Amino acid sequence: MTDEQPGPGSDPSRAARVVAIVMDGNGRWAESRGLEVAEGHRAGARALRRTVEAAIELGIETLVVYAFSTENWSRPADEVADLMVILSESIDRELPDLAAQGVRTRFFGRRDRLEPWLEEKMANLERTTAHLDTLELWIAFDYGGRAEIAHAARRLAEDGLDPAEIDEDALAARLYAPELREIDLLVRTSGELRLSNFMLWEAAYAELFFTETLWPDYGEDDLRVAVEAYAARSRRFGARTPS
């Protein structure tokens with residue numbers, strides 16, 4: 001890694017502090033090399049570690065990654081099983097090394113469909129890294145943006161709020177991870193140009209960046225390009241820039 005800081009370092013107000021990534025392309029990466037899809041997912045786990053380390057170097061405070069969507073349950077059963085094993089392997093091998101660098105790992109999404117042994121592994125990692133503050137790594141697992149908003153709406157009803165009390169703040173407080181800040185920059189790898197039901201609420205005003213790079217090949221140079229592109233943009237949040 002390099003000691004050089006990204007372009008936005010000279011103007012902190014234009015730096016991307018909260019970055020989300022749709023990690024796409026593991027299957028195509030494996031297919032292009034004649035490998036099993038599971039090997040693409042394992043290469044993707046290594047890319048995650050590499051990218052988190054790059055995020056620390058670039059001054060990113062929060063990194064949010066899309067690991068497993070609610071729709072991914074429809075994939076072949078053997079691939080789903082492999083993904084669960086690979087998450088377990090990552091918790092055992094990759095994420096503890098990141099913890100040694102000060103990375104706090106947190107998961108969000110549904111947990112009621114996971115095997116108890118995997119849910120406990122996730123919870124234990126959250127407990128043991130809760131005091132760390134170099135970077136927050138949020139892993140979306142069994143997550144869908146629409147499901148998250150529906151979950152928040154159900155909680156509004158369960159909490160008995162009067163309709164007049166319901167506003168954006170009330171709904172945001174009932175999302176899966178209400179303490180997760182809004183996304184500054186959302187990156188998608190592999191050349192696909194869609195959000196795929198990711199962070200629909202939190203990314204309302206995020207800058208979008210798409211790259212052809214397949215996720216297992218992603219790393220520091222790719223992330224640097226994205227954050228520098230972000231810093232060069234003008235964020236208006238619906239306002240008009242004075243002429």
Item to complete: Report, by chain and number, residues whose modeled amide H sits under 5 Å from the one on residue 21, excluding near sequence neighbours (fewer than 5 apart, same chain).
Response: 64, 65, 66, 187
Worksheet entry | Sorted peptide list for 15-24, 31-40, 160-169, criterion being average Cβ within 10 angstrom, highest first | 15-24, 31-40, 160-169
Worksheet entry | Residue order, fewest to most surrounding Cβ atoms within 10 angstrom, among 29, 73, 117 | 117, 73, 29
Worksheet item: Each residue of the stretch 116-131 in order: what ³J(HN,Hα) in whole Hz does its phi give by Karplus 6.51 cos²θ - 1.76 cosθ + 1.60, θ = phi - 60°, with x for Gly and Pro?
Response: x, 5, 6, 4, 5, 4, 4, 5, 5, 5, 4, 5, 6, 10, 4, 8
Response to the item:
Diffing the stretch 167-183: the Karplus 3J(HN,Hα) column from phi (6.51, -1.76, 1.60, θ = phi - 60°), in whole Hz with x for Gly and Pro, holds 9, 4, 5, 5, 5, 4, 5, 10, 6, 4, 10, x, 7, 6, 6, 4, 6
Item to complete: For the stretch 132-146, just list the computed ³J(HN,Hα) in residue order, Karplus coefficients 6.51, -1.76 and 1.60, θ = phi - 60°, integers in Hz, with x standing in for Gly and Pro.
Response: 7, 9, 5, 7, 9, 9, 9, 10, 7, 9, 6, 10, x, x, 5
Discussion item. Sort 183, 149 by Cβ crowding within 10 Å, fewest neighbours at the top.
Written reply: 149, 183
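Find out how many positive minus negative residues lie around residue 142, taking Lys and Arg as positive, Asp and Glu as negative, among other residues whose Cβ is under 9 Å from that of residue 142.
+2
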Worksheet item: In the Gaussian network model of the chain, springs joining C-alpha atoms below 10 Å, which of 41, 151, 131 carries the largest mean-square fluctuation?
Response: 131
Response to the item:
Ordered by number, the GluC sites (Glu not before Pro) in the stretch 58-105 that occupy a DSSP loop and have at most 13 other Cβ atoms within 10 Å are none
Discussion item. Nearest 500 deg cm²/dmol is fine: what mean residue ellipticity at 222 nm does the chain get from its DSSP H runs of n ≥ 4 alone, each adding -39,500 (n - 2.57), divided by its residue count?
Written reply: -12000 deg cm²/dmol
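Every number in this text was worked out from the coordinates using simple rules, so none of it is lab data. For clarity, every value in this text was computed on a predicted model and none was experimentally measured. A quick note on method: Cβ atoms are made from the backbone with ideal geometry, for glycine too, and the neighbour counts reach across all protein chains shown.
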